[in-house]
Amino acid sequence: MTPLNRRDLGLLVLRVGTGAVLAAHGTQKLFGWFGGGGIEGTAKGMEAMGFSPARESAIAAGLGEAGGGALLALGLATPAAGAAAAGAMAGAVAVHAPAGFFAQGGGYEYPAFLGFTSAAIGIAGAGRYSLDHATGHVLDRPWVVAVAFIGTALAAAAVVGRRAQAQAEARQPEPEPEHTTGAEPGE
């Protein structure tokens, strides 16, 4: 029997803990579990936060968190799972950034931590105690890491950028109506 490897055991604990938190948070968005708003409530929230289209944004965030979290916990398709969860957290960071860093003031500390942790697991791999290891790392190849993180970075940048642009446009003052003298044309 092979002795327990502390590093792999540590990755297991980190994966399961991070994955469970993300999965629970995502199921709030998708199904309304644990006091969440479900798709409809999340879509309303996404719209209020400036994400468009709101329903699709709610589904994407929920799947990134719930799906990415579940896969991280299992250690399956770990690069894609870590990238998906990190991408979802990038959107959350953008929402919380105006409030500063610390969570106690509404800042982005918590989603940033989940995002960086997910990314680190996705890059490092799931370790020996995982479904990736049991399946011969079929879904955990170096090219999968590159594709997953590049794809997620591009998608997150597009979504966050589109939100920022829409918010900037919403802040633009309405053009002043032209002042008329009251005279009719042709007078």
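We did not get these values from a lab; they are worked out from the coordinates using the rules stated. Quick caveat: nothing in here was measured; it's all calculated off a predicted structure. Positions of Cβ are generated from backbone atoms using ideal geometry, with glycine treated the same way; all protein chains shown enter the neighbour counts.
Taking every alpha-carbon pair in the chain and binning the separations at 10 Å intervals from zero gives 10, 31, 30, 14, 6, 4, 3, 2, 1, 0, 0 percent. Label zone of TRP33 (point 7 Å out along Cα→Cβ, amide N under 13 Å): in the range 41-85 this covers 63, 65-71.
According to the Cα gyration tensor, what semi-axes, each the square root of 5 times an eigenvalue, does the equivalent ellipsoid of the range 76-187 have, listed from largest to smallest in whole Å?
Result for the range 76-187: semi-axes of 48, 18, 7 Å.
To the nearest ten degrees, helix 6-31 and the longest principal axis of the Cα atoms of the chain are 40 degrees apart.
Report note on the peptides 72-81, 162-171: ranked by the mean count of other C-beta atoms within 10 Å, highest first, their order is 72-81, 162-171.
Along its first, second and third principal axes, ordered by size, the range 23-96 spans 34, 24, 19 Å in Cα coordinates. For the Cα atoms of the chain, what angle does the longest principal axis make with the long axis of helix 109-124, in degrees from 0 to 90, nearest 10? For 109-124 against the chain, the angle is about 50 degrees. The phi torsions of the range 41-49, fed into the Karplus equation with coefficients 6.51, -1.76 and 1.60 and a -60° offset, translate into couplings of x, 5, 4, 4, x, 4, 5, 5, 7 Hz, rounded to whole numbers, with Gly and Pro shown as x.
Chymotrypsin sites (Phe, Trp or Tyr not before Pro) within the range 62-108: which are DSSP loop residues with at most 14 other Cβ atoms inside 10 Å?
Numbers: sites: PHE101, PHE102, TYR108; in loops: PHE101, PHE102, TYR108.
Sites meeting the loop and neighbour criteria: PHE101, PHE102.
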